[in-house]
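These notes are about the structure you will find just below.
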Amino acid sequence: MEFAFTKEQLMFKQEVIRFAKKEIVPRVQEFDLKEDFDVESFRKLGEFGILGLHFPEEYSGGGADVVTTVLAGEALGEAGVDGGLTLAYGAHSFLCADTIFRHGTEDQRRKYIPKLAKGEWIGCMGLTEPDAGSDVASMKTIAEKKGDKYILNGNKMFITNGPVADVAVVYAKTDPKVQHAGISAFIIEKGTKGFSAGKPLIKMGVRTSLTSELILQDCEIPKENILGKEGEGFLMAMQTVEWDRSALLAPFVGATRYLLKKCSDYSKKRIQFGKPIGSYQAIKHKLANMRIFVEAAHSLVYRIAWCKNQGRPLNHLEAAVAKLFVGDYSLLPSNDAVVLHGGYGYCHEYDVERIFRDGRLAPIGGGTSDIQKMIISRLI
Amino acid sequence: MNFDFNQSEQTFLKELDTLLKGINCKNIDVNELLKELAKTDYLKIEISPFLMAAMEILSSYTQSLFLSIEVSTRIFGRIISNFGNDNQKQTILPGLFDGKLIGAVALSEDSMNIDNEPLKTKGYREDDFIIVNGNKSYVVNAGIADYFAVAGRIDDKDAIFLIEKGTNGLSVSDRLHTIGYDGTSISNLYLKDCKINETNVLYPKLSAIRMWENQVLIGATLGMMKASFESAKNYAKTHKTGGKPIIAYQEIGFKLAEMLTTLQTSQLFAYRSCWLYGIGDKEADIVTYSAKVFCGESAEKVASDALQILSGAGVLCGNPAEEAYRCSKYAQIAGTSTEISRVKIGDAALGRL
């Protein structure tokens, strides 16, 4: 057992941090306030190679391994990139593009992956519905086959990148009579008749990622747009969990590193009662808790990444453990960071209130902490 | 990066578990258990993630004997192997590895805090000998040790005085009655004009010894959590109410999920901190303090949750969760306490103020 990153991985991480600090972080506050998606930053992520990092080079990807890919996500958080952009990246690269790459035909791969990897197109994934969250099998969206077409009807809810996506992977029931085995996955492009996105939802955090409903009203797509075969959709959705529990969790770990640095810097400069507040044990206590969280979460996230790198099937117990821990335990450091900054912490300028808000998604998105406990208690 | 133990390590861990399962650890003393462990390589494992995993198994069977054995073999043993002379190594180490000798390590004094307070135990020179005076507190193995490694000062330097059982002027208090570790010999130690050879003064870094102690305590917490979790899980699966096992109720099942999450997080934390220490990483100390805080506090929580699930069975003495619950406090106090650890971690985050 050993936990070392390679020299190349560590160098790459530093490169990502440098790039993000220069090209992305300066605009983060502005877009969070505007509650707007920063297209320019997203394109830059594509140009730098983050969006397609793990795809083979022949598809305009970076050919990176899973651990390196997860490390890039952590680096974005550590650099100070907001949770909205990292979420937009996660939904785009893993929930959408990776599903097309893994399950698509060669034609589908050639058509979509290079565009998505370069950030020319934006992707999203539609699984959740207004009345179907973690109970995926209760979805009501229907895909009916008619001749050489599928007709889709239904609504998808809380779809990250929904309002800006050029292409969506949408799950629908091709056989409503059965549960999970009746679910199939489809590729739907923006502009398809009967396919539209609702107004962006106003959210507590991750505000630079736009989230909306997707509306499918007699949406007609050619039958070639199915991913894989009918009935394989649920398994595809489950496979994205591997990324969800590694690459999508890593930015939260990185963000806590950023918080720790931010809080440490502030504690040195802020003088009260004649000395820097960092000299008080109560402040050190908070800084220590941030570090302890980072070190604890680190191994959980990279265990999922390393196992995926080895080509092992996902260990659902370990995945749920990682999600539950990062989700629940990341809340304390971000809360402490706000309090440590006092009145300034409550103001936008100091970043910590944004990270506090962004972090509230961790125990919710991709299956709430309660759902993780349900999974773990069933597997015990 | 590799999150697996290799094949031979896995085999060893399995065999260790089988060996301990076959022994009633509640009814034997430390000498008998040492003899059994000496049949394996347990006592010789070097600092590594694998050592943590092995310690977890032993401490899940017996907290009291675990602490006794680890203090003797791992902490006292390392003082000799790292800082002793050839003669001391030849006289003492084989006995430690064979489980025939027991060592004690005396660090704390009445102030408890060896980081901030200068040690009061002192040696001075007289002819070719060293005369040692002082009082040491909470010395594990004090009543059963063949050798004592006593921390003190000489010539304005930190030192370890290596003192043999029966040396004139060395006396041990009655066993202290502690909240946990009721099968461990823990006493105060008094040194009054103890005369030792100059060669029996060693000059280790006391902070290194504290760090080994921290690692032992981290290993102890893993076993506490494992034993607590397993006993609660087994109970929750077999105890029925309303026609179904209580694990099927979310109040119980979710609690077990949280316990397992904490256990797995602690395991990886412990493994990684030990790995960093083993490779001499500059962050090793801080990550070890971090792991100790996390694992120490987690052990109390997990044991407490286990008692809750075990309900009536939990309040009876003699079950693993009850033992773990009582012992978990020690892991937060002994070694570097959680308070001092947090201050050190905070200091590291701040750098120069």
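The values are calculated or read from the model by the stated rules, or taken from the named source; none is laboratory data. Since the structure is predicted, the reported quantities are computational estimates derived from the model, not experimental observations. Methodologically, a virtual Cβ is constructed for each residue, glycine included, from the backbone with ideal geometry; neighbour enumeration extends over all protein chains shown. What goes into the accessible areas is simple: the full protein's heavy atoms, side chains included, and nothing from ligands, DNA or RNA. Shrake-Rupley method; radii C 1.70, N 1.55, O 1.52, S 1.80 Å.
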Ratio of Rg to Rh over region A:124-234 (Cα coordinates, Kirkwood Rh, two decimals): 0.96
222 nm mean residue ellipticity, helices alone, for chain B (DSSP H n ≥ 4; -39,500 (n - 2.57); rounded to 500): -17500 deg cm²/dmol
Average accessible area per residue (Å²) across region A:7-122 - probe 1.4 Å, nucleic acids and ligands excluded: 38 Å²
How many angstrom lie between the C-alpha centres of region B:24-46 and region A:229-277? 43 Å
Any chance you could check region A:261-290 for residues losing 40 Å² or more of accessible area when the partner protein chains are in, compared with the chain on its own (1.4 Å probe)? A:Lys268, A:Lys284, A:Ala288
Tell me which aspartates and glutamates have Cα within less than 14 Å of A:Lys193's Cα, excluding those fewer than 8 residues away on the same chain? A:Asp166, A:Asp218, A:Glu220
Starting from one equal scatterer on each C-alpha and no solvent at all, send me the Debye-based log10 I(q)/I(0) for region B:3-50 at q = 0.15, 0.18, 0.19 Å⁻¹, two decimals. -0.45, -0.62, -0.68
Accessible area of region A:7-122 with a 1.4 Å probe: how many percent of it is carbon plus sulfur? 51 percent
How large are Rg and Dmax for chain A when only the alpha carbon atoms are used, in Å? 20.8, 79
Take every residue in peptide A:319-328, count the Cβ atoms of other chains within 10 Å of its Cβ, and give the average of those counts. 3
Summing -39500 (n - 2.57) over every DSSP H run of at least 4 in chain A, dividing by its residue total and rounding to the nearest 500, the 222 nm mean residue ellipticity is -15500 deg cm²/dmol
Candidate cut points under GluC sites (Glu not before Pro) in region B:3-104, DSSP loop plus at most 15 other Cβ atoms within 10 Å of their own Cβ, are B:Glu46
Regarding the protein assembly as shown, what whole-number volume in Å³ per residue does the convex hull of its Cα atoms give? 169 Å³
Work out Dmax and Rg for chain B from the C-alpha atoms and quote the Rg first, both in angstrom. 20.8, 80
Shielding of B:251-263 by partners, i.e. mean partner chain Cβ atoms within 10 Å per residue? 6
Taking a threshold of 19 Å on the Cα-Cα distance, which of the pairs A:Lys13/A:Lys269; A:Lys115/A:Lys199; A:Lys149/A:Lys173 fall above it? A:Lys13/A:Lys269; A:Lys115/A:Lys199
Rounded to whole Å, give me the distance from the Cα center of region B:261-282 to that of region B:162-229. 24 Å
What do you get for the angle between helix B:7-21 and the principal long axis of chain B? Use alpha-carbon atoms, 0 to 90 degrees, nearest ten. 90 degrees
Could you work out the mean count of beta carbons from other protein chains within 10 Å of each residue's beta carbon in A:229-240? 0
Could you tell me whether region A:7-122 comes out rounded, prolate or oblate from its Cα gyration tensor? Rule is a ≥ b ≥ c as square roots of the eigenvalues, rounded for a/c under 1.5, then prolate if a/b exceeds b/c, otherwise oblate. oblate
Longest principal axis of chain A (C-alpha) makes with the long axis of helix A:66-79 (C-alpha) an angle, in degrees to the nearest 10, of 50 degrees
Listed residue (A:Thr128, A:Ala143, A:Phe55) projecting farthest to the positive dipole end of region A:31-187, Cβ model: A:Ala143
Residue-wise, which Karplus ³J(HN,Hα) couplings in Hz belong to region B:252-265, taking 6.51 cos²θ - 1.76 cosθ + 1.60, θ = phi - 60°, and x for glycine or proline? 8, x, 6, 5, 4, 4, 5, 5, 5, 4, 5, 4, 5, 5
Using a Cα-Cα cut-off of under 20 Å, which aspartates and glutamates could be cross-linked to B:Lys39, ignoring same-chain neighbours fewer than 8 residues away? B:Glu9, B:Glu15, B:Asp17, B:Asp29, B:Glu56, B:Glu70, B:Asp98
Neighbour cut-off at most 13 other Cβ (10 Å), DSSP loop, trypsin sites (Lys or Arg not before Pro), region A:211-252: A:Lys229
From the C-alpha gyration tensor of region B:55-127, square roots of 5λ in Å: 25, 21, 9
Give the separation of the Cα centroids, region B:293-336 to region A:1-67, in Å. 43 Å
On protein heavy atoms with a 1.4 Å probe, the accessible surface that disappears when A meets B, both sides summed and given to 100 Å², is 4100 Å²
Phi angles of region A:132-141, converted by Karplus (6.51 cos²θ - 1.76 cosθ + 1.60, θ = phi - 60°) into ³J(HN,Hα) in whole Hz with x for Gly and Pro, give 9, x, 5, 7, 4, 5, 7, 4, 10, 5
Once neighbouring chains are kept in place and the probe is 1.4 Å, which whole percent of the accessible area of region A:309-348 is contributed by carbon and sulfur? 57 percent
May I ask you to list the chymotrypsin sites (Phe, Trp or Tyr not before Pro) in region A:1-109 that are in a DSSP loop and have at most 16 other Cβ atoms within 10 Å of their Cβ? A:Phe5
Taking H placed 1.01 Å from N in the peptide plane, check which residues at least 5 places from A:Glu129 or on another chain put their amide H under 5 Å from its amide H. A:Met157
For A:Leu227, which sequence-distant residues (separation of 5 or more, or a different chain) have an amide H within less than 5 Å of its own amide H, given hydrogens modelled in the peptide plane? A:Ala185, A:Phe186, A:Ile187
